[in-house]
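K.L.:
The structure follows.
Please treat every number below as a calculation from the coordinates, not as lab data. The model shown is predicted, which means the values in this text are computed figures rather than measured ones. Virtual Cβ from ideal backbone geometry, glycine too; neighbours counted across all protein chains shown.
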Amino acid sequence: MQVRRWIDQCNADLPARAQGLIRFEIDLTPRTITVLECRPPWRDDMGPEWTRHPICRFRYTKVRGEWSLFWSDRNLRFREYDLVEPTPSIEQLIAEVERDPTSIFWG
């Protein structure tokens, strides 16, 4: 899966100083792939679980055979990213997230 390879590469490319402070994960459902930024607890009373913040979501529409790209707003609701059209090639959407011309994905 292209998204898994991309995320594995993102994790591998993290600088040494960031190792253990951030990691990227994906959540899969039958129609969506959500990319998450994960960080360790920053206070002892927060427990051992890492926080998970969505970066983007890829949604597949089977009828059209196309992927669409969504971004997460401050309320963690996904909004359609309208600067790229839905496409059968998820690689184009990955490239748009990496490029991030509006700083909507990576801040």
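K.L.:
Within region 75-107, list the residues whose amide N lies under 17 Å from a label point set 7 Å along Cα→Cβ of Arg64.
P.N.:
Inside the label zone: 79-94.
K.L.:
Let me ask something else about it. Amide H to amide H, which residues 5 or more places from Ile55 or on other chains are under 5 Å from it, using H placed in the peptide plane?
P.N.:
Under 5 Å from the amide H of Ile55: Val35, Leu36, Glu37.
K.L.:
Separate question: Please give the helix 90-99 orientation as an angle from the longest Cα principal axis of the chain, in degrees from 0 to 90, rounded to the nearest 10.
P.N.:
50
K.L.:
Roughly how many debye, to the nearest 20, is the charge dipole of the chain about its Cα centre, given +1 on each Lys and Arg Cβ, -1 on each Asp and Glu Cβ, and no other charges? Intermediate values should be presented prior to the final figure.
P.N.:
Numbers: 16 positive and 17 negative charges, 45 e Å.
Rounded to the nearest 20 debye, it is 220 debye.
K.L.:
Further, regarding this structure: Hey, what angle do you get for helix 2-12 against the long axis of the chain, alpha-carbon based, 0 to 90 degrees rounded to 10?
P.N.:
Rounded to the nearest ten degrees, it is 30.
K.L.:
What whole-number value in cubic angstrom gives the convex hull volume per residue for the C-alpha atoms of region 50-103?
P.N.:
Values: hull volume 5.3 nm³, N = 54.
Convex hull of Cα atoms, per residue: 99 Å³.
K.L.:
In nm, to one decimal, how far is the modelled label at Arg52 from the one at Leu14, with both set 7 Å along Cα→Cβ?
P.N.:
The two pseudo-label positions are separated by 1.5 nm.
K.L.:
So between Gln2 and Arg77, what do we pick up on full extension, going 0.36 nm a residue minus the alpha carbon distance?
P.N.:
Details: separation 75, 0.36 × 75 = 27.00 nm, distance 2.43 nm.
Length difference between fully extended and current span is 24.6 nm.
K.L.:
Still on this model: Between Leu28 and Ile104, what is the label-to-label distance in nm when each label sits 7 Å out along the Cα-to-Cβ direction?
P.N.:
2.7
K.L.:
Set Lys and Arg Cβ to +1 and Asp and Glu Cβ to -1, take the dipole of the chain about its Cα centre, and tell me which of Pro88, Ile104, Thr61 lies farthest positive.
P.N.:
After comparing all options, I get Thr61.
K.L.:
How big is region 1-50 along each principal axis, measuring the range of its Cα positions in Å and listing the largest first?
P.N.:
Largest to smallest, the principal-axis extents are 36, 26, 10 Å.
K.L.:
Across bins of 5 angstrom width beginning at 0, how are the C-alpha pair distances of the chain distributed, in whole percent?
P.N.:
2, 11, 21, 24, 19, 12, 7, 3, 1, 0
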